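Trainee: For reference, the structure I am asking about is given below.
The values are calculated or read from the model by the stated rules, or taken from the named source; none is laboratory data. This is a predicted model, so every value here is computed, not measured. Heads up, the Cβs are rebuilt from the backbone with ideal geometry, glycines too, and the neighbour counts pull from every protein chain shown.
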């Protein structure tokens, strides 16, 4: 109930761009009611999966962890499964991890093992690690943030009070971790629950801006391909993802994409029409060829989850004023592409759940691949602007790497980020891009992977 009341109070702190600051109480009801509806949906989804919140049980650690590490697993009172790992040489710092996604499958007890294995570098560096798989599948940033903070408390009960607590989020987990930092950085007495935040490959543009490009992709794809949906199938607006109650397997989506674009074929095996379709779709949407199916999959299953399970069928996406460019006939494309306008309540609910305010109180370090094919690097420019407008630039250090990866970047770069964060916390020395790059060179000797940091790189804001 305390968490529920906290959620109800936070709309008073949120302002969408373009709304005056003086009229917040006039806007109270229209901001709060959709947020309450969103919370009710989330709470209702979670209530049927609540766990017993029993003590963590000792279990075998993944083989990726160093010898002597101890692992514990359990389920919290909301039903979220979690894992905790402590190295033999624990340095006293706990890293709380927020995973990416959102995942489509129902949570399983061993889900966090994948994240623990992927980021085993934290334990190898001497940090304890704790991660939750969240109480349910599907979208919900505030829900995931609450479950992330829950595993922090459980880990401290299990391990004892740490010297420092760091919050780490990867991919969509970057959105979750950044939201966690805004909601739970301090306890009710103003004491720090966390000491620093590390965000890698983070979806930091928030919900109201972070998914519009996938809505654009669905519209542009349908203009050229006309097979999602097909003409002989139930017709629906593409922003829905799928009709209510309908699912689509990944291989079926791949089949449709291949029919239209020849994506699975060698370029010289594609028909002229397939080549034209693929070239236009990629040029207009800027989606990389290797992640085209992945982005369409998110714009199918995830959109369906958002619309039907979280928004009560209302549309949070908008392309009504978008001018599409880059095709071989922009005039025809803009005339013929499907248009849709966001429902204001759904848009506000999406923003309330997932947008970031920049109201940070903790040192924050980010890392993003310049050629990230999944969460584009301009998310960092948007987050930088958000933090700057909130007056908190001195708490943010952003780093960039010459990589085209998303889910996991080069290992020594993570080690460097956490070392830089501890130095910032303990010695008050704010890192620079150059100092992080130097730290990475030292870590490279341990992990035998390349350091690809670009100290001089700075992303630009996307064109509106």
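Trainee: Are any residues in the range 262-279 in contact with a helix residue (DSSP H, G or I) (Cβ under 8 Å, 6 or more places away or on another chain), part of a loop (DSSP other than H, G, I, E, B) and surrounded by fewer than 16 Cβ atoms within 10 Å (Cβ to Cβ), and if so, which ones?
Mentor: Passing the criteria: 264, 265.
Trainee: Looking only at the range 100-115, count how many residues are within 22 Å of residue 447 (Cβ to Cβ), surrounded by 19 or more Cβ atoms within 10 Å (Cβ to Cβ) and under 17 Å from the mean Cα position of the chain (by Cα).
Mentor: Within the range 100-115, residues that are within 22 Å of residue 447 (Cβ to Cβ), surrounded by 19 or more Cβ atoms within 10 Å (Cβ to Cβ) and under 17 Å from the mean Cα position of the chain (by Cα) number 2.
Trainee: Yes or no: the range 280-291 includes at least one residue that is outside any helix (DSSP H, G or I) and on the phi > 0 side of the Ramachandran plot.
Mentor: yes
Trainee: Taking the range 80-109 only, how many residues are more than 23 Å from residue 304 (Cα to Cα), touching a residue at least 24 places away in the same chain (Cβ under 8 Å) and assigned to a loop (DSSP other than H, G, I, E, B)?
Mentor: Of the residues in the range 80-109, 6 are more than 23 Å from residue 304 (Cα to Cα), touching a residue at least 24 places away in the same chain (Cβ under 8 Å) and assigned to a loop (DSSP other than H, G, I, E, B).
Trainee: Which helices (runs of 4 or more DSSP H) does the range 357-464 wholly contain that include 1 or more residues that are over 19 Å from the mean Cα position of the chain (by Cα) and surrounded by 16 or more Cβ atoms within 10 Å (Cβ to Cβ)?
Mentor: Fully inside the range 357-464 and qualifying: 411-427, 433-447.
Trainee: Continuing with the same structure: Give the residues of the range 211-230 that are assigned to a loop (DSSP other than H, G, I, E, B) and either on the phi < 0 side of the Ramachandran plot or surrounded by 17 or more Cβ atoms within 10 Å (Cβ to Cβ) (or both), sorted by residue number.
Mentor: 211, 227, 228, 229, 230
Conditions (1) out of contact with any helix residue (DSSP H, G or I) (no Cβ under 9 Å at 6 or more places or on another chain); (2) in the same structural domain as residue 92 (by TED's automatic domain parsing), marked per residue:
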site: 373; (1), (2): no, yes
site: 378; (1), (2): yes, yes
site: 421; (1), (2): yes, yes
site: 429; (1), (2): no, yes
site: 438; (1), (2): no, yes
site: 443; (1), (2): no, yes
site: 452; (1), (2): no, no
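Trainee: Further question: I need a count of the residues in the range 231-261 that are within 15 Å of residue 296 (Cα to Cα) and either part of a helix (DSSP H, G or I) or without any contact (Cβ under 8 Å) to a residue 24 or more places away in the chain (or both).
Mentor: Matching residues across the range 231-261 total 16.
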